[in-house]
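This report concerns only the one structure given below.
The values are calculated or read from the model by the stated rules, or taken from the named source; none is laboratory data. None of the values given here were measured: they were computed from a predicted structure. FYI the Cβ positions are ideal-geometry reconstructions off the backbone, even for glycines, and counts take in every protein chain you see. For accessibility, only protein heavy atoms count, side chains too; no ligands or nucleic acids. Shrake-Rupley method; radii C 1.70, N 1.55, O 1.52, S 1.80 Å.
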Amino acid sequence: MKKNSRWIVLIFALAGLGIMGYLTYIHYAQAKSFCDISEEISCDVVTTSIYSEIFGIPVSVLGLFYFITVVFLALKNKRNLFKIIFILTLFSLIPSLYLSLTELIFINSLCILCETSKVLMLAILGVSLWMEGFSPKSAVKMSVPIIIAGVLVAGVTYFAQTGTIVKKDYTSLAQCLNSKGVIYYKSVRCSNCRRQEMLFGEAYKKLNSIECHPDGKDPQPELCLEKKITKTPTFLIEKQGKEIDRIEGLQKIENLAAFASCTVE
(Lines give C-alpha, C1' and ligand atoms only; values in the text may rest on other atoms or scores of the structure.)
Protein backbone atom coordinates (compact mmCIF):
# COMPACT_ATOMS: atom_id res chain seq x y z
CA MET A 1 0.00 0.00 0.00
CA LYS A 2 2.76 2.42 0.97
CA LYS A 3 4.52 1.77 -2.33
CA ASN A 4 1.45 3.00 -4.17
CA SER A 5 0.81 6.03 -1.93
CA ARG A 6 2.57 8.45 -4.26
CA TRP A 7 0.34 7.32 -7.12
CA ILE A 8 -2.77 7.59 -4.94
CA VAL A 9 -1.85 11.19 -4.13
CA LEU A 10 -1.21 11.80 -7.83
CA ILE A 11 -4.66 10.46 -8.78
CA PHE A 12 -6.37 12.62 -6.13
CA ALA A 13 -4.43 15.68 -7.32
CA LEU A 14 -5.29 15.06 -10.98
CA ALA A 15 -8.97 14.74 -10.05
CA GLY A 16 -8.76 18.04 -8.16
CA LEU A 17 -6.98 19.59 -11.13
CA GLY A 18 -9.85 18.60 -13.39
CA ILE A 19 -12.42 20.06 -10.99
CA MET A 20 -10.55 23.36 -10.62
CA GLY A 21 -10.05 23.58 -14.37
CA TYR A 22 -13.78 23.16 -14.96
CA LEU A 23 -14.71 25.74 -12.28
CA THR A 24 -12.21 28.20 -13.78
CA TYR A 25 -13.79 27.70 -17.19
CA ILE A 26 -17.36 28.36 -16.03
CA HIS A 27 -16.15 31.39 -14.03
CA TYR A 28 -14.59 33.10 -17.05
CA ALA A 29 -17.01 31.81 -19.68
CA GLN A 30 -20.02 32.69 -17.49
CA ALA A 31 -21.37 29.32 -18.63
CA LYS A 32 -23.96 27.24 -16.86
CA SER A 33 -22.46 24.27 -15.01
CA PHE A 34 -23.93 20.77 -14.79
CA CYS A 35 -24.13 21.13 -10.99
CA ASP A 36 -26.58 24.05 -11.05
CA ILE A 37 -29.29 21.96 -9.39
CA SER A 38 -31.21 24.50 -7.29
CA GLU A 39 -30.76 27.78 -5.45
CA GLU A 40 -29.41 25.85 -2.45
CA ILE A 41 -27.12 23.55 -4.47
CA SER A 42 -25.46 25.45 -7.28
CA CYS A 43 -21.87 25.79 -8.43
CA ASP A 44 -22.99 28.75 -10.56
CA VAL A 45 -24.31 30.78 -7.65
CA VAL A 46 -21.05 30.22 -5.75
CA THR A 47 -18.68 30.89 -8.67
CA THR A 48 -20.38 34.22 -9.46
CA SER A 49 -20.53 35.47 -5.87
CA ILE A 50 -18.15 38.06 -4.41
CA TYR A 51 -16.53 35.17 -2.53
CA SER A 52 -15.41 33.52 -5.78
CA GLU A 53 -12.38 35.80 -6.13
CA ILE A 54 -9.51 37.04 -3.96
CA PHE A 55 -7.93 40.31 -5.10
CA GLY A 56 -9.54 39.75 -8.50
CA ILE A 57 -8.15 36.20 -8.84
CA PRO A 58 -10.73 33.40 -9.03
CA VAL A 59 -10.49 30.98 -6.11
CA SER A 60 -10.52 28.15 -8.64
CA VAL A 61 -7.27 29.47 -10.16
CA LEU A 62 -5.63 29.31 -6.72
CA GLY A 63 -6.95 25.75 -6.45
CA LEU A 64 -5.37 24.98 -9.81
CA PHE A 65 -1.98 26.14 -8.52
CA TYR A 66 -2.33 23.96 -5.43
CA PHE A 67 -3.21 20.77 -7.33
CA ILE A 68 -0.58 21.45 -10.03
CA THR A 69 2.04 21.79 -7.28
CA VAL A 70 0.96 18.50 -5.70
CA VAL A 71 1.10 16.76 -9.10
CA PHE A 72 4.59 18.14 -9.68
CA LEU A 73 5.79 17.02 -6.23
CA ALA A 74 4.26 13.56 -6.61
CA LEU A 75 5.98 13.06 -9.95
CA LYS A 76 9.34 14.21 -8.60
CA ASN A 77 9.29 11.60 -5.81
CA LYS A 78 11.87 13.62 -3.88
CA ARG A 79 13.03 13.23 -0.31
CA ASN A 80 10.58 14.48 2.33
CA LEU A 81 7.91 14.40 -0.39
CA PHE A 82 4.99 13.64 1.90
CA LYS A 83 6.12 16.09 4.58
CA ILE A 84 6.13 18.91 2.01
CA ILE A 85 2.73 17.85 0.66
CA PHE A 86 1.34 17.65 4.21
CA ILE A 87 2.49 21.21 5.05
CA LEU A 88 1.24 22.61 1.73
CA THR A 89 -2.13 20.87 1.99
CA LEU A 90 -2.79 21.79 5.60
CA PHE A 91 -1.93 25.44 4.89
CA SER A 92 -4.19 25.52 1.81
CA LEU A 93 -7.04 23.68 3.50
CA ILE A 94 -7.70 26.33 6.20
CA PRO A 95 -8.68 29.14 3.76
CA SER A 96 -10.58 26.53 1.74
CA LEU A 97 -12.68 25.64 4.78
CA TYR A 98 -13.36 29.35 5.32
CA LEU A 99 -14.74 29.45 1.78
CA SER A 100 -17.01 26.53 2.65
CA LEU A 101 -18.25 28.61 5.58
CA THR A 102 -19.10 31.49 3.26
CA GLU A 103 -21.23 29.12 1.17
CA LEU A 104 -23.26 28.16 4.24
CA ILE A 105 -23.51 31.56 5.96
CA PHE A 106 -23.33 34.26 3.27
CA ILE A 107 -24.08 32.73 -0.13
CA ASN A 108 -26.68 30.23 1.12
CA SER A 109 -25.78 27.85 -1.66
CA LEU A 110 -23.48 24.84 -1.84
CA CYS A 111 -21.02 24.13 -4.64
CA ILE A 112 -20.73 20.34 -4.93
CA LEU A 113 -17.53 20.49 -6.99
CA CYS A 114 -15.90 22.95 -4.58
CA GLU A 115 -16.63 20.66 -1.64
CA THR A 116 -15.48 17.60 -3.58
CA SER A 117 -12.11 19.29 -4.10
CA LYS A 118 -11.81 19.77 -0.33
CA VAL A 119 -12.55 16.07 0.22
CA LEU A 120 -9.68 15.33 -2.17
CA MET A 121 -7.45 17.70 -0.20
CA LEU A 122 -8.37 15.92 3.04
CA ALA A 123 -7.56 12.59 1.40
CA ILE A 124 -4.16 13.92 0.27
CA LEU A 125 -3.57 15.26 3.77
CA GLY A 126 -4.42 11.88 5.32
CA VAL A 127 -2.19 9.90 2.95
CA SER A 128 0.77 12.26 3.45
CA LEU A 129 0.32 12.17 7.24
CA TRP A 130 0.21 8.37 7.23
CA MET A 131 3.24 8.09 4.94
CA GLU A 132 5.38 10.38 7.07
CA GLY A 133 4.50 8.37 10.16
CA PHE A 134 4.33 11.40 12.47
CA SER A 135 3.75 10.71 16.15
CA PRO A 136 0.65 12.50 17.48
CA LYS A 137 2.85 14.91 19.44
CA SER A 138 5.10 15.82 16.51
CA ALA A 139 2.12 16.12 14.15
CA VAL A 140 0.40 18.59 16.50
CA LYS A 141 3.61 20.52 17.09
CA MET A 142 4.22 20.93 13.37
CA SER A 143 0.56 21.65 12.54
CA VAL A 144 -0.10 24.49 15.01
CA PRO A 145 1.98 27.22 13.25
CA ILE A 146 0.67 26.10 9.85
CA ILE A 147 -2.94 26.32 11.06
CA ILE A 148 -2.28 29.78 12.55
CA ALA A 149 -0.81 30.95 9.23
CA GLY A 150 -3.80 29.50 7.38
CA VAL A 151 -6.25 31.28 9.69
CA LEU A 152 -4.42 34.58 9.09
CA VAL A 153 -4.70 34.05 5.33
CA ALA A 154 -8.41 33.25 5.74
CA GLY A 155 -8.84 36.50 7.71
CA VAL A 156 -7.09 38.55 5.03
CA THR A 157 -9.26 36.82 2.43
CA TYR A 158 -12.43 37.73 4.30
CA PHE A 159 -11.56 41.42 4.51
CA ALA A 160 -10.44 41.47 0.86
CA GLN A 161 -13.72 39.95 -0.26
CA THR A 162 -16.02 42.05 1.93
CA GLY A 163 -14.10 45.33 1.70
CA THR A 164 -16.49 46.57 -0.98
CA ILE A 165 -19.59 46.23 1.22
CA VAL A 166 -21.29 49.61 1.21
CA LYS A 167 -21.61 51.66 4.36
CA LYS A 168 -23.80 54.40 2.84
CA ASP A 169 -27.36 54.67 1.57
CA TYR A 170 -27.20 55.40 -2.17
CA THR A 171 -30.96 55.56 -2.68
CA SER A 172 -30.80 59.21 -3.77
CA LEU A 173 -28.10 58.35 -6.33
CA ALA A 174 -30.19 55.49 -7.69
CA GLN A 175 -33.16 57.84 -8.02
CA CYS A 176 -30.99 60.40 -9.82
CA LEU A 177 -29.68 57.76 -12.24
CA ASN A 178 -33.24 56.69 -12.98
CA SER A 179 -34.30 60.27 -13.60
CA LYS A 180 -31.42 60.72 -16.07
CA GLY A 181 -32.54 57.67 -18.05
CA VAL A 182 -29.75 55.33 -16.92
CA ILE A 183 -30.49 51.63 -17.48
CA TYR A 184 -28.42 48.97 -15.75
CA TYR A 185 -27.89 45.90 -17.95
CA LYS A 186 -26.81 42.89 -15.89
CA SER A 187 -26.46 39.10 -15.91
CA VAL A 188 -27.14 36.55 -13.22
CA ARG A 189 -23.87 34.84 -14.28
CA CYS A 190 -21.80 38.03 -13.97
CA SER A 191 -19.48 38.25 -10.94
CA ASN A 192 -18.79 41.94 -11.61
CA CYS A 193 -22.53 42.59 -11.49
CA ARG A 194 -22.54 41.13 -7.99
CA ARG A 195 -19.70 43.45 -7.06
CA GLN A 196 -21.47 46.43 -8.58
CA GLU A 197 -24.52 45.65 -6.50
CA MET A 198 -22.39 45.27 -3.38
CA LEU A 199 -21.03 48.77 -3.99
CA PHE A 200 -24.58 50.11 -4.19
CA GLY A 201 -25.91 48.14 -1.24
CA GLU A 202 -29.66 47.70 -1.07
CA ALA A 203 -30.09 50.79 -3.25
CA TYR A 204 -29.21 48.73 -6.34
CA LYS A 205 -32.73 47.25 -6.19
CA LYS A 206 -34.10 50.69 -7.04
CA LEU A 207 -32.12 50.96 -10.28
CA ASN A 208 -33.87 50.57 -13.61
CA SER A 209 -32.32 47.27 -14.66
CA ILE A 210 -32.52 44.69 -17.43
CA GLU A 211 -31.52 41.04 -16.95
CA CYS A 212 -29.64 39.77 -20.02
CA HIS A 213 -29.14 36.12 -19.14
CA PRO A 214 -31.95 33.66 -19.92
CA ASP A 215 -31.51 32.01 -16.50
CA GLY A 216 -32.03 35.27 -14.61
CA LYS A 217 -35.23 36.72 -13.18
CA ASP A 218 -37.50 38.31 -15.82
CA PRO A 219 -34.83 37.97 -18.56
CA GLN A 220 -34.85 40.09 -21.71
CA PRO A 221 -31.96 38.63 -23.77
CA GLU A 222 -33.49 39.81 -27.06
CA LEU A 223 -33.44 43.42 -25.82
CA CYS A 224 -29.81 43.04 -24.70
CA LEU A 225 -28.91 41.77 -28.16
CA GLU A 226 -30.79 44.65 -29.74
CA LYS A 227 -28.87 47.11 -27.55
CA LYS A 228 -25.58 45.32 -28.43
CA ILE A 229 -24.73 44.51 -24.83
CA THR A 230 -21.51 42.50 -25.14
CA LYS A 231 -20.45 42.57 -21.48
CA THR A 232 -22.04 43.16 -18.11
CA PRO A 233 -22.47 45.30 -16.17
CA THR A 234 -23.25 47.96 -18.77
CA PHE A 235 -24.94 51.29 -18.05
CA LEU A 236 -26.79 53.10 -20.85
CA ILE A 237 -28.28 56.56 -20.80
CA GLU A 238 -31.43 56.26 -22.87
CA LYS A 239 -34.02 58.84 -23.84
CA GLN A 240 -37.17 57.81 -25.65
CA GLY A 241 -35.57 54.44 -26.37
CA LYS A 242 -32.48 55.93 -28.03
CA GLU A 243 -28.99 55.47 -26.62
CA ILE A 244 -27.22 58.67 -25.61
CA ASP A 245 -24.14 57.25 -23.90
CA ARG A 246 -22.81 54.07 -22.27
CA ILE A 247 -20.13 52.78 -19.92
CA GLU A 248 -19.16 49.14 -19.55
CA GLY A 249 -17.70 47.11 -16.72
CA LEU A 250 -17.53 47.48 -12.96
CA GLN A 251 -17.80 51.17 -12.00
CA LYS A 252 -16.85 53.11 -8.90
CA ILE A 253 -19.80 54.95 -7.40
CA GLU A 254 -18.16 58.32 -8.14
CA ASN A 255 -17.57 57.41 -11.80
CA LEU A 256 -21.14 56.28 -12.25
CA ALA A 257 -22.46 59.48 -10.66
CA ALA A 258 -20.24 61.58 -12.96
CA PHE A 259 -21.41 59.58 -15.98
CA ALA A 260 -25.01 60.71 -15.35
CA SER A 261 -24.13 64.16 -13.91
CA CYS A 262 -25.47 63.12 -10.50
CA THR A 263 -24.04 63.91 -7.08
CA VAL A 264 -23.04 61.48 -4.34
CA GLU A 265 -24.32 62.49 -0.93
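Extending 7 Å from Cα along the Cβ direction at Glu222 and again at Ser5 yields two label points whose distance is 6.3 nm.
Under 20 Å from a label point set 7 Å out along the Cα-to-Cβ vector of Lys141, the amide N atoms of segment 84-126 belong to 84-88, 90-91. In segment 144-195, a dipole from Cβ-located charges (positive for Lys and Arg, negative for Asp and Glu) runs towards its positive end, and of Val153, Ser191, Ala174 it is Ala174 whose Cα lies farthest in that direction.
Between Leu62, Ile8, Thr102, the Cα set farthest toward the positive side of the dipole of the chain (charges on each charged residue's Cβ, about the Cα centre) is that of Ile8.
Relative contact order for the chain using alpha-carbon pairs under 8 Å, separation at least 6, rounded to a whole percent? Before the final figure, lay out each step's value.
Values: 359 pairs, mean separation 48.2, N = 265.
After rounding, I find 18 percent.
With +1 on the Cβ of every Lys and Arg and -1 on the Cβ of every Asp and Glu, and nothing else charged, how large is the dipole of the chain about its Cα centre, in debye rounded to the nearest 20?
For this selection, approximately 1240 debye.
Derived scalar couplings between HN and Hα for segment 188-199 equal 5, 8, 9, 5, 5, 5, 4, 5, 4, 5, 5, 5 Hz in order, rounded to whole Hz, by the Karplus curve 6.51 cos²θ - 1.76 cosθ + 1.60 (θ = phi - 60°), x for Gly and Pro. Using a Gaussian network model of the chain whose springs link C-alpha atoms within less than 10 Å, name the residue from Glu254, Glu226, Glu53 with the highest mean-square fluctuation. Checking each option, the largest mean-square fluctuation is seen for Glu226. Carbon-plus-sulfur accessible fraction, the chain (probe radius 1.4 Å, protein heavy atoms only): 62%. The alpha-carbon of Lys168 sits under 24 angstrom from the alpha-carbons of these lysines, leaving out residues fewer than 8 places away in its chain: Lys180, Lys186, Lys205, Lys206, Lys252. Top mean-square fluctuation among Asp215, Asp36, Asp44, Gaussian network model of the chain, C-alpha springs under 10 Å? Taking springs between Cα atoms under 10 Å, the residue moving most is Asp215.
With K and R counted +1 and D and E -1, the other residues having a Cβ less than 15 Å from that of Leu99 yield a net charge of -2. For segment 34-102, the relative contact order is 18 percent, taking Cα pairs closer than 8 Å that sit 6 or more residues apart in sequence and dividing their mean separation by the residue count. The aspartates and glutamates whose alpha-carbon is closer than 17 Å to the alpha-carbon of Lys228, local same-chain residues fewer than 8 away aside, are Glu211, Glu238, Glu243, Asp245, Glu248. Ignoring lysines fewer than eight residues from Lys118 along the same chain, none have Cα atoms less than 18 angstrom from its Cα.
Each 5 Å bin from 0 upward holds the following percent of the Cα-Cα pairs of the chain: 1, 6, 11, 14, 14, 13, 11, 9, 6, 5, 4, 3, 2, 1, 0, 0. Note on the chain: with a GNM built from Cα contacts shorter than 10 Å, the maximum mean-square fluctuation among Ile210, Ile253, Ile57 falls on Ile57.
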